[in-house]
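Input: a single structure, listed below in structure tokens.
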Amino acid sequence: MRRIADGGRDGRIDMLVEILFYAFATVLVASALGVIVARNPVHSALGLVVCFITSAAIWLLIGAEFLAIVLVLVYVGAVMVLFLFVVMMLDINLEELRRGFTRFAWLGWLTAGVIVLEIVGVVISHAFGVDVGRGPLPEPPGYSNTTELGRVLYTQFAYPFELAAVLLLVAIVAAIALTMRRRPGYKAQDVSRQVAVRARDRVRLVQVEPEKRA
Amino acid sequence: MLEPTSWAGLAPAVAEIYLAIAACVILMVDVFAGRRWPRLTPSLTLLALALGVALLVLFGQVSGRVVLFDGLYVEDPLGYVLKLAGFLFLAFALLYSRAYMQLRSIQRGEYDVLALTALLGIFVLVSANSLLTVYIGVELLALSVYAIIAFDRDNAVAAEAAMKYFVLSAIASGALLYGMSLIYGLTGTLRLDELVARLSDPLTPGVILGLAFVVVAVCFKFGAVPFHMWLPDVYQGAPTSMTLFLSSVPQIAYFSLALRLLTYGLDGAVREWTVMLTPIAVLTLIVGNVVAIVQSNLKRMLAYSTIGNVGFILLGFVTGTRAGYSAALYYTLVYVVMVLGSFGVILLASRKGFEAEELDDYRGLYARDPLLALAMMALMFSTAGVPPFVGFWAKLRIIQELWATSHLALVIIAASVSVIGAFYYLRVVKLLYFDAPPAELPTAAQPSAVRLALAVNALAVIVLGVLPGPLLDLCARLLR
Amino acid sequence: MLNTLASDWLALPAPARSTVWILIVTVGLILCVAYLTLWERKVAGWMQLRRGPNRVRIFGLLPGLGQPFADVLKLLTKEVIIPSSANALLFRLAPALALIPALAAWAVIPLSPSLTIAHIDAGLLYVLSLTSAGVYGIILAGWAANSKYAFLGAMRSAAQIVAYEIAMGFALVGVLMAAGSLDLGTIVTAQRPGILGWNWFWLFPLFVVYFIAGVAETNRAPFDVAEGESEIVAGFHVEYSGIGFALFFLAEYANMILISALTAVFFLGGWQGPFAGYPLLGATWLGAPSFGWLAVKIFVFLFLLLWFRWTFPRYRYDQIMRLGWKMLIPVTLVWIAVEGVLAYYHVGPWRPPG
């Protein structure tokens, strides 16, 4: 918000951005609540999708368009699709899983309370010594955060970037090593053999001597 | 801000670069040739490790601290030595487990690839100079280890162990990340060497909270006591070859994690984290050594023995001095040598369809397989801390440093748990030599190369014990 | 008169102008979709030696020209049946979710040298994220209907789209390497003028992969296992009737147009004229950039899509997966490497690095 306000644009746009922020934030909080209270796991997963989309929208408002789009691309477009896929296939009965859930409610409330205290500590009382008043500086015109992100990822952070790639490779190798199995009696097409087949492999012409009438 | 991008400038990072490439190449070779020549990949991996050592010695030597990749990577003589040790230990681990895995037909090429990527994760941790690289290293190692534990996928116990480790380790990773984010948010830097300068007394409560999370995560990785629940189950549940791997090589990484994070990065908070670590170390020592006594399963006993030994390593950190850290380094290296040998014996003693896991399986091993029994005896004496063996010096160094920093109570505790610990190690020796062998157990036939490796391993425990000077000097020099 | 209109137009605030353009593009698209359905049936008829729809006329013009409107009226007036055990909310929501991304993606497509509704820096990623979000309509429709056939169709579709998304993304990596930008306008202008300067020539394997993956993304034959009439009746939309069915129909055809437009933009120079920069021809309308060229290219790809549908038999599910993972993805990976080498040694029309 602050960045845009500093940019010296006219007040109407500011107000529009403010209204959009609160609209998205409301939807975000509501759908986040939906994720945990929905009785149907598919509804929970969909609530999470809405969460992702609205947080992406909020990121757009502060000018982080690359991250916003990638959030939608990766989480909404791929991760949640597979998640839904699995949830739908498994047909989980959350009611059963929820039984006895309230026994641990105090733990949840305690954690929530601690987090609220921390937020209060950071935002209001400055107990943590964080300088919260300073928003990001306004970017110069023609600034593209896609370009900037690319620049730091491939120069300054090239090392962890490559390592993250290795991490993903390990994930693939691990997933395949743990799940792919060759069952005995498993029939599969060998396409290269299918393509390489010739007529003489399939049809054998034999000369059958006619039976002599006895 | 950018370093010149020349290949020569990257030479100190040769081990990591080489390992990443080697893992990819071996993966591809295994994909296309693994089924036709199943023995190719393990051999190639051993070859790759040897080549790695050669490259590291030729190009990777550094005389001082070299910071690379925009401050995210640091290489120093300590890192160089730890990486050499990593190559060496992994080679031994793979060599021991080869026959075992082939007999149980769980020898697939992915295991070697995952072992290499785990080693890469270890190297990343060893050379981490940023909270970012620390985290990625931890994850790279952990992800490979999860898969390695569950590798025998038809083994339900192993799958359960992997699941347990996965869930708890994910929580620990979360704690690590949470602590790091607090520390980063309050100091404004990810670089460990800059972090030192920015942490000044008195610490804000936020930093201490972050520190607490980091300490919890480090202790979880080590398997220190309130966070040790996963360790015995995982050690016992995983196939022995996997237990051998995860009990040995990653110890280097956990040591580096503690060293880089706590003593380099958070040196400004040394008083706070030694206070946090002290009760954990004491509990770890006591629980590890006392619970090990009642175990009847050798793998589980060694798991508790690991916990006990972790307590000693943590005591080295509790001293808060460079000399103390070097004692911990010495202890770690020595411990890995010993644990490699111990699990190596278990691997060699088992055969197809028979896991030599229970203590009773070792009754009278001397009569059946003198070499194996001799090696086991040396290793057990050493782990117990009996004088001519190397384990004695490791324990002695830790206690010396505790004494030097006037931690009198800790000295007494460490000495007394050593005595308790000696009991169950020596019980194994008694089983080996003084009990009658059960009639039905056949002798093991193992490839002679592996037996030779085990002999070298056991010999190392003795030789390093008789001549402790060079390694002790090295450890002291690396951490001066 | 015209002058005042133009100045009034320019005096409008930017959001208002965008809104007008959005309306124009959306209405135009829906009309295109309507006539694309007619065109498909005509093409199918000709390929099968029939005439195709030829009864409904508008104003006594060409036979069949009124067919789409007759279809729409019919579907609009039909009863919307919601199965009693369906999840009513999601069942109603799903068709809209299928259609919205197909329309929203047009925001970043450069329609002519001067006209793009929204200039987004990461336009390519925006398009990718929207096309991948389109799958929600399908899997929700399949799940909410509470029908086995619909569910099977939805599962097939989800797996297929996620698999082909990867090949598609990798093909686009090649495009953005060539352009050095994620902005669709820059991707068009970065392609050298003239038909041989466009991306398809140097990125031919990626071009082919992208288009095949595009066909698979739209669930069109030969990748239409999600509908698979002969196996699972009509797949994910088997329980839909009336306007719900019409919306899915609309979404499928809107996606076809979108994929054709994107292929044209990424690989065929978008609105660029084919003979720009050529002697003689280059100075005529053949070399001039215009919206017309984009329309022609879109039409060519649409025709290809129809041609495929009425020519190829349907792939089996495992064959689809094999094609996606084992053929298309390796091809893109290899070609990205080749492109990197070519660009490094300045072979071909690449931008200098930096």
Test: B:L58 is of a type outside the set (V, I, T), modelled with pLDDT of 85 or more, crowded, with 18+ Cβ neighbours inside 10 Å and on the phi < 0 side of the Ramachandran plot: no
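For C:G142, are the conditions met, namely being assigned to a loop (DSSP other than H, G, I, E, B) and either within 23 Å of C:A234 (Cβ to Cβ) or more than 9 Å from chain A (Cβ to nearest Cβ) (or both)?
No.
Would you point out which residue out of B:L285, B:L329 is in contact (Cβ under 8 Å) with a residue 12 or more places away in the chain, over 16 Å from the mean Cα position of the chain (by Cα), crowded, with 24+ Cβ neighbours inside 10 Å and not in a loop (DSSP other than H, G, I, E, B)?
Every option except B:L285 fails the conditions.
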Out of all the residues in the stretch C:120-135, is one or more of a type in the set (D, E, K, R) and over 30 Å from C:W293 (Cβ atoms)? no
Against the condition in contact (Cβ under 8 Å) with a residue 60 or more places away in the chain and either closer than 24 Å to C:S230 by Cα or within 22 Å of the chain's Cα centre (by Cα) (or both), how does C:R322 come out, does it pass? no
Please enumerate the residues belonging to the stretch C:176-229 that are of a type in the set (D, E, K, R) and assigned to a loop (DSSP other than H, G, I, E, B). C:D183, C:R192, C:R220, C:E227
Mind listing whichever residues of the stretch C:274-291 are free of Cβ contacts under 8 Å to residues at least 24 places away in the same chain and assigned to a loop (DSSP other than H, G, I, E, B)? C:P279, C:L280, C:T284, C:W285, C:L286, C:A288
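Each row is one residue, and each column tells you yes or no for (1) among the basic types (K, R); (2) at pLDDT 80 or above.
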position	(1), (2)
A:V72	no, yes
A:V81	no, yes
A:V87	no, yes
A:L97	no, no
A:R103	yes, no
A:G113	no, yes
A:V116	no, yes
A:G121	no, no
Qualifying positions in the stretch B:67-122 - more than 10 Å from every other protein chain (Cβ to nearest Cβ), hydroxyl-bearing (S, T, Y) and under 19 Å from B:Q251 (Cα atoms): B:Y80, B:Y96, B:S97
Can B:T284 be described as among the polar types (S, T, N, Q) and touching a Ser or Thr at 6+ places or on another chain (Cβ under 6 Å)? no
Residue that is farthest from the other protein chains (Cβ to nearest Cβ), among those in the stretch C:121-139 that are small (G, A, S) and in contact (Cβ under 8 Å) with a residue 60 or more places away in the chain: C:G137
Scan the stretch B:28-46 and give yes if some residue there is under 29 Å from B:L474 (Cβ atoms), without any contact (Cβ under 8 Å) to a residue 60 or more places away in the chain, surrounded by 16 or more Cβ atoms within 10 Å (Cβ to Cβ) and not aliphatic (A, V, I, L, M), otherwise no. no
Give the residues of the stretch B:374-418 that are surrounded by 24 or more Cβ atoms within 10 Å (Cβ to Cβ), more than 14 Å from B:L472 (Cα to Cα), β-branched (V, I, T) and in contact with a Leu (Cβ under 7 Å, 6 or more places away or on another chain), sorted by residue number. none
When you scan the stretch B:11-41, how many residues do you find that are in contact with a Phe, Trp or Tyr (Cβ under 9 Å, 6 or more places away or on another chain), modelled with pLDDT under 90 and facing another protein chain (nearest Cβ under 10 Å)? 1
Testing B:V53 on (1) surrounded by fewer than 17 Cβ atoms within 10 Å (Cβ to Cβ); (2) of a type in the set (V, I, T); (3) at pLDDT 85 or above, one condition comes back false. Which one is that? (1)
The stretch A:152-197 - residue that is more than 30 Å from B:A147 (Cα to Cα) and at the interface with chain B (Cβ under 10 Å from one of its Cβ atoms) and, of those, surrounded by the fewest Cβ atoms within 10 Å (Cβ to Cβ): A:V152
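Scan the stretch C:292-315 and give yes if some residue there is over 19 Å from the mean Cα position of the chain (by Cα), within 14 Å of another protein chain (Cβ to nearest Cβ), part of a helix (DSSP H, G or I) and farther than 28 Å from C:V188 by Cα, otherwise no.
So far as the stretch C:292-315 goes, no, none of its residues is over 19 Å from the mean Cα position of the chain (by Cα), within 14 Å of another protein chain (Cβ to nearest Cβ), part of a helix (DSSP H, G or I) and farther than 28 Å from C:V188 by Cα.
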C:I100 vs (1) β-branched (V, I, T); (2) assigned to a helix (DSSP H, G or I); (3) away from chain A (no Cβ under 14 Å): all pass except (3)
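A quick yes/no check of all residues on (1) over 20 Å from the mean Cα position of the chain (by Cα); (2) under 23 Å from B:L333 (Cβ atoms):
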site	(1), (2)
B:G9	yes, no
B:L19	no, yes
B:G34	yes, no
B:W37	yes, no
B:L49	no, yes
B:L55	yes, yes
B:S63	yes, yes
B:L84	no, yes
B:A99	yes, no
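Yes/no matrix, rows are residues, columns are (1) touching a Phe, Trp or Tyr at 6+ places or on another chain (Cβ under 9 Å); (2) facing another protein chain (nearest Cβ under 10 Å); (3) charged (D, E, K, R):
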position	(1), (2), (3)
A:A32	no, no, no
A:V42	yes, yes, no
A:A45	yes, no, no
A:V50	no, no, no
A:G63	yes, no, no
A:V72	yes, yes, no
A:M88	yes, yes, no
A:D91	no, no, yes
A:L107	no, no, no
The residue from C:A171, C:A190, C:A154, C:A178 that alone is under 19 Å from A:F85 (Cβ atoms) and touching a helix residue (DSSP H, G or I) at 6+ places or on another chain (Cβ under 7 Å) is C:A154
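The values are calculated or read from the model by the stated rules, or taken from the named source; none is laboratory data. Only a predicted model underlies this, so the values are computations on that prediction, with no experimental measurement involved. Positions of Cβ are backbone-derived with ideal geometry, glycine not excepted, and every protein chain shown enters the neighbour counts.
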